[in-house]
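Data block below; observations after.
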Amino acid sequence: MENLKTRLRDDMKTHLKAGNKVALTTVRNLIGEINTREKGGKTPIELDEAAVISLLQKEAARRRETAQTYIEAGATDRADAETAEAEIIEAYLPAPLDEAAVSGIIDSAIASLKADGVELTMRSMGSVMKLVSAEVAGRFDGKKVSEMVRAALA
């Protein structure tokens, strides 16, 4: 499976050839943001897939918030532009999970820890969260996951 950064770069070329200015600008901005994060610190780093997904989620959320601000100010044309960018970004994000799927992931994480001989109490929450978060990463609200794990351990 190709990674997200490669897909963004490939899509940028496609949008350039197709003359799709909104998508091209959006994807270009995302690649720029990724490059800034990777090269902006004291030592260059390589963002992994989870970090790129997290970055895209923040960018999409930022566009949605800005669109809402424009709507409240009566600038619907600008709001539409921000919403269009958010939709382009969201197309790169993994499909969100529903509560039933997350509940299943939590149950299998708990079963896996029990199979390893771990006696689960509330103190085991961190161990369970570590397993669950790795699978759910960016596809479901983290606070809600935490509440569900706490309820499962109670």
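Here, each number is a calculation from the coordinates, and none is a lab measurement. Remember, it's a predicted structure, so these values are computed and weren't measured experimentally. A quick note on method: Cβ atoms are made from the backbone with ideal geometry, for glycine too, and the neighbour counts reach across all protein chains shown.
Within straight-line reach of residue 144, meaning a Cα separation under 20 Å, sit the following aspartates and glutamates at least 8 residues removed in sequence or on another chain: 98, 99, 107, 135.
Beyond a 18 Å Cα-Cα separation, which of these cross-linked pairs lie in this structure: 5/58; 5/143; 114/143? Listed pairs above 18 Å: 5/143; 114/143. Between residue 153 and residue 21, the modelled label-to-label distance comes to 5.3 nm, taking each label 7 Å out from Cα in the direction of the beta carbon. The mean sequence separation of alpha-carbon pairs under 8 Å and at least six residues apart, normalised by the residue count of the stretch 94-154, gives a relative contact order of 50 percent. Electrostatic tally near residue 66: other residues with Cβ closer than 14 Å to its Cβ, Lys and Arg +1, Asp and Glu -1, net -3. Here are some values of Kirkwood radius over Cα pairs in Å: (i) 17.9; (ii) 17.5; (iii) 17.1. Which one was computed from this structure? The calculated read-out lines up with (i). Maximal additional length on extending the residue 127-residue 113 stretch stands at 4.2 nm, based on 0.36 nm per residue less the C-alpha distance.
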